[in-house]
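Engineer: Quick one: the structure is below, and I'll ask about it shortly.
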Amino acid sequence: MHLAEVTPENFDAAIGLTVRPDQADLVAPVVKSLAEAYLYREMAWPRLVYDGDLAVGFVMAFLDAPWTDGGTRSGFWRLNIDAGRQGKGYGRFAVQAVCAELRTRGATQAYVTFEPRAGGPQPFYLGLGFRLTGEVVHGQSVAVLDL
(Lines give C-alpha, C1' and ligand atoms only; values in the text may rest on other atoms or scores of the structure.)
Protein backbone atom coordinates (compact mmCIF):
# COMPACT_ATOMS: atom_id res chain seq x y z
CA MET A 1 0.00 0.00 0.00
CA HIS A 2 1.09 3.56 -0.60
CA LEU A 3 -0.18 7.12 -0.85
CA ALA A 4 0.10 9.13 -4.06
CA GLU A 5 -0.65 12.66 -5.19
CA VAL A 6 -3.81 13.23 -7.17
CA THR A 7 -2.81 13.93 -10.76
CA PRO A 8 -4.59 14.34 -14.11
CA GLU A 9 -3.81 10.67 -14.75
CA ASN A 10 -5.58 9.38 -11.60
CA PHE A 11 -8.23 12.08 -11.18
CA ASP A 12 -11.05 9.90 -12.57
CA ALA A 13 -10.10 7.08 -10.21
CA ALA A 14 -10.12 9.56 -7.33
CA ILE A 15 -13.56 10.99 -8.02
CA GLY A 16 -14.91 7.50 -8.70
CA LEU A 17 -14.32 6.44 -5.09
CA THR A 18 -17.54 6.26 -3.10
CA VAL A 19 -18.33 5.25 0.47
CA ARG A 20 -21.30 3.07 1.43
CA PRO A 21 -24.72 4.76 1.17
CA ASP A 22 -25.13 4.73 4.96
CA GLN A 23 -21.87 6.71 5.25
CA ALA A 24 -22.65 9.37 2.63
CA ASP A 25 -23.77 11.88 5.27
CA LEU A 26 -20.53 11.40 7.24
CA VAL A 27 -17.91 12.38 4.65
CA ALA A 28 -17.93 14.63 1.61
CA PRO A 29 -17.36 13.14 -1.84
CA VAL A 30 -13.77 13.16 -3.08
CA VAL A 31 -14.58 15.76 -5.74
CA LYS A 32 -15.62 18.23 -3.02
CA SER A 33 -12.45 17.48 -1.07
CA LEU A 34 -10.34 18.17 -4.16
CA ALA A 35 -12.14 21.47 -4.69
CA GLU A 36 -11.44 22.42 -1.07
CA ALA A 37 -7.81 21.35 -1.48
CA TYR A 38 -7.58 23.76 -4.40
CA LEU A 39 -9.12 26.59 -2.38
CA TYR A 40 -7.04 25.91 0.75
CA ARG A 41 -3.87 24.62 -0.90
CA GLU A 42 -1.62 26.15 1.76
CA MET A 43 -3.00 23.74 4.34
CA ALA A 44 -4.56 20.83 2.41
CA TRP A 45 -2.62 17.63 1.72
CA PRO A 46 -4.80 15.33 -0.46
CA ARG A 47 -3.63 11.83 -1.38
CA LEU A 48 -4.99 8.69 -2.96
CA VAL A 49 -4.60 5.40 -1.11
CA TYR A 50 -3.35 2.64 -3.39
CA ASP A 51 -3.10 -1.10 -3.11
CA GLY A 52 -0.58 -1.83 -5.83
CA ASP A 53 -1.89 0.10 -8.84
CA LEU A 54 -5.52 0.18 -7.65
CA ALA A 55 -6.90 3.32 -5.98
CA VAL A 56 -8.87 2.12 -2.95
CA GLY A 57 -9.31 5.32 -0.95
CA PHE A 58 -8.67 8.98 -0.45
CA VAL A 59 -7.26 10.83 2.53
CA MET A 60 -6.77 14.55 3.03
CA ALA A 61 -4.80 16.01 5.88
CA PHE A 62 -4.86 19.58 7.09
CA LEU A 63 -1.51 21.14 7.93
CA ASP A 64 -1.14 23.97 10.45
CA ALA A 65 -4.78 24.99 10.05
CA PRO A 66 -6.16 27.82 12.19
CA TRP A 67 -8.10 26.40 15.13
CA THR A 68 -10.87 27.78 17.32
CA ASP A 69 -8.45 28.37 20.22
CA GLY A 70 -6.37 30.80 18.15
CA GLY A 71 -3.56 28.32 17.50
CA THR A 72 -3.01 25.88 14.66
CA ARG A 73 -3.42 22.14 14.38
CA SER A 74 -2.73 19.38 11.89
CA GLY A 75 -4.68 16.22 11.29
CA PHE A 76 -7.34 14.51 9.22
CA TRP A 77 -9.76 16.46 7.10
CA ARG A 78 -11.22 13.58 5.11
CA LEU A 79 -10.92 9.82 4.86
CA ASN A 80 -12.89 7.97 2.21
CA ILE A 81 -12.32 4.27 1.65
CA ASP A 82 -14.24 2.88 -1.31
CA ALA A 83 -17.35 0.95 -0.26
CA GLY A 84 -16.17 -2.37 -1.65
CA ARG A 85 -12.72 -2.03 -0.08
CA GLN A 86 -13.60 -1.27 3.53
CA GLY A 87 -12.50 -3.57 6.34
CA LYS A 88 -9.24 -4.55 4.65
CA GLY A 89 -6.84 -2.26 6.55
CA TYR A 90 -6.73 0.60 4.02
CA GLY A 91 -8.11 3.16 6.46
CA ARG A 92 -5.65 2.12 9.15
CA PHE A 93 -2.80 2.36 6.62
CA ALA A 94 -3.95 5.83 5.51
CA VAL A 95 -4.05 7.11 9.09
CA GLN A 96 -0.61 5.69 9.85
CA ALA A 97 0.87 7.11 6.63
CA VAL A 98 -0.54 10.59 7.29
CA CYS A 99 0.71 10.48 10.88
CA ALA A 100 4.18 9.62 9.58
CA GLU A 101 4.00 12.61 7.23
CA LEU A 102 2.86 14.89 10.06
CA ARG A 103 5.79 13.71 12.19
CA THR A 104 8.24 14.64 9.41
CA ARG A 105 6.70 18.12 9.46
CA GLY A 106 7.28 18.46 13.19
CA ALA A 107 3.75 17.77 14.43
CA THR A 108 3.41 16.10 17.82
CA GLN A 109 -0.34 15.49 17.61
CA ALA A 110 -2.89 14.62 14.93
CA TYR A 111 -6.51 15.73 15.20
CA VAL A 112 -9.71 14.48 13.64
CA THR A 113 -13.32 15.57 13.84
CA PHE A 114 -16.30 13.34 13.16
CA GLU A 115 -20.04 13.08 13.48
CA PRO A 116 -20.85 11.48 16.84
CA ARG A 117 -23.56 9.07 15.75
CA ALA A 118 -24.25 5.35 15.58
CA GLY A 119 -22.50 3.94 12.55
CA GLY A 120 -19.99 6.80 12.56
CA PRO A 121 -16.20 6.51 12.58
CA GLN A 122 -15.63 7.06 16.31
CA PRO A 123 -14.86 3.37 17.06
CA PHE A 124 -12.39 3.29 14.15
CA TYR A 125 -10.45 6.33 15.39
CA LEU A 126 -10.53 5.34 19.05
CA GLY A 127 -9.31 1.87 18.04
CA LEU A 128 -6.27 3.54 16.45
CA GLY A 129 -5.42 5.31 19.70
CA PHE A 130 -7.19 8.65 19.26
CA ARG A 131 -8.83 9.99 22.38
CA LEU A 132 -11.77 12.35 22.64
CA THR A 133 -10.78 15.87 23.73
CA GLY A 134 -14.25 16.89 24.90
CA GLU A 135 -14.32 19.62 22.25
CA VAL A 136 -17.17 19.93 19.77
CA VAL A 137 -16.57 21.93 16.58
CA HIS A 138 -19.47 22.54 14.20
CA GLY A 139 -21.37 19.72 15.89
CA GLN A 140 -18.52 17.25 15.45
CA SER A 141 -16.53 15.52 18.18
CA VAL A 142 -12.79 16.23 18.26
CA ALA A 143 -10.23 13.51 18.94
CA VAL A 144 -6.45 13.65 19.15
CA LEU A 145 -3.61 11.19 18.73
CA ASP A 146 -0.18 11.84 20.25
CA LEU A 147 2.46 11.23 17.62
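The values are calculated or read from the model by the stated rules, or taken from the named source; none is laboratory data. Being a predicted model, the structure only gives us computed values, none of them experimental. Here the Cβ positions follow ideal geometry from the backbone for every residue, glycine too, while neighbour counts run over all protein chains shown.
Engineer: Could you check the stretch 133-147 and list, in sequence order, the residues that are out of contact with any Phe, Trp or Tyr (no Cβ under 9 Å at 6 or more places or on another chain), of a type in the set (A, V, I, L, M, F, W, C) and modelled with pLDDT of 95 or more?
Structural biologist: Across the stretch 133-147, the qualifying residue is only 147.
Engineer: Residues in the stretch 1-38 that are acidic (Asp, Glu) and farther than 30 Å from residue 139 by Cα: how many?
Structural biologist: 3
Engineer: Okay, next question. Residue 31: surrounded by 11 or more Cβ atoms within 10 Å (Cβ to Cβ), without any contact (Cβ under 8 Å) to a residue 24 or more places away in the chain and out of contact with any Lys or Arg (no Cβ under 6 Å at 6 or more places or on another chain), yes or no?
Structural biologist: Judged against the criteria, residue 31 is a match.
Engineer: Still on this structure, I have one more. Which of the strands (runs of 3 or more DSSP E) found entirely inside the stretch 84-147 contain at least 3 residues meeting this: in contact (Cβ under 8 Å) with a residue 12 or more places away in the chain and among the hydrophobic types (A, V, I, L, M, F, W, C)?
Structural biologist: Filter on the stretch 84-147 gives 109-114, 140-146.
Engineer: Okay, next question. Mind counting the residues in the stretch 43-89 that are of a type in the set (Val, Ile, Thr) and more than 14 Å from the chain's Cα centre (by Cα)?
Structural biologist: Counting residues in the stretch 43-89 that are of a type in the set (Val, Ile, Thr) and more than 14 Å from the chain's Cα centre (by Cα) gives 2.
Engineer: What's the number of the only condition in (1) within 19 Å of residue 139 (Cα to Cα); (2) not charged (D, E, K, R); (3) not in a helix (DSSP H, G or I) that residue 46 fails to meet?
Structural biologist: So residue 46 meets the others, but not (1).
Engineer: Another question about this same structure. Looking only at the stretch 1-15, count every residue that is in contact (Cβ under 8 Å) with a residue 12 or more places away in the chain and part of a loop (DSSP other than H, G, I, E, B) and tell me the total.
Structural biologist: So the answer is 4.
Engineer: Do you know which of the residues in the stretch 22-31 that are part of a helix (DSSP H, G or I) and at pLDDT below 95 is nearest to residue 120 (Cα to Cα)?
Structural biologist: Ranking the qualifying residues of the stretch 22-31, first place goes to 23.
Engineer: Same structure, new question: Look through the stretch 34-58, keep the residues that are among the charged types (D, E, K, R) and farther than 18 Å from residue 12 by Cα, and return whichever of them is surrounded by the fewest Cβ atoms within 10 Å (Cβ to Cβ).
Structural biologist: Here the residue is 42.
Engineer: Something else about it: If residue 25 satisfies all but one of (1) more than 22 Å from residue 117 (Cα to Cα); (2) over 12 Å from the mean Cα position of the chain (by Cα); (3) not hydroxyl-bearing (Ser, Thr, Tyr), what's the number of the condition it fails?
Structural biologist: Just one mismatch for residue 25, condition (1).
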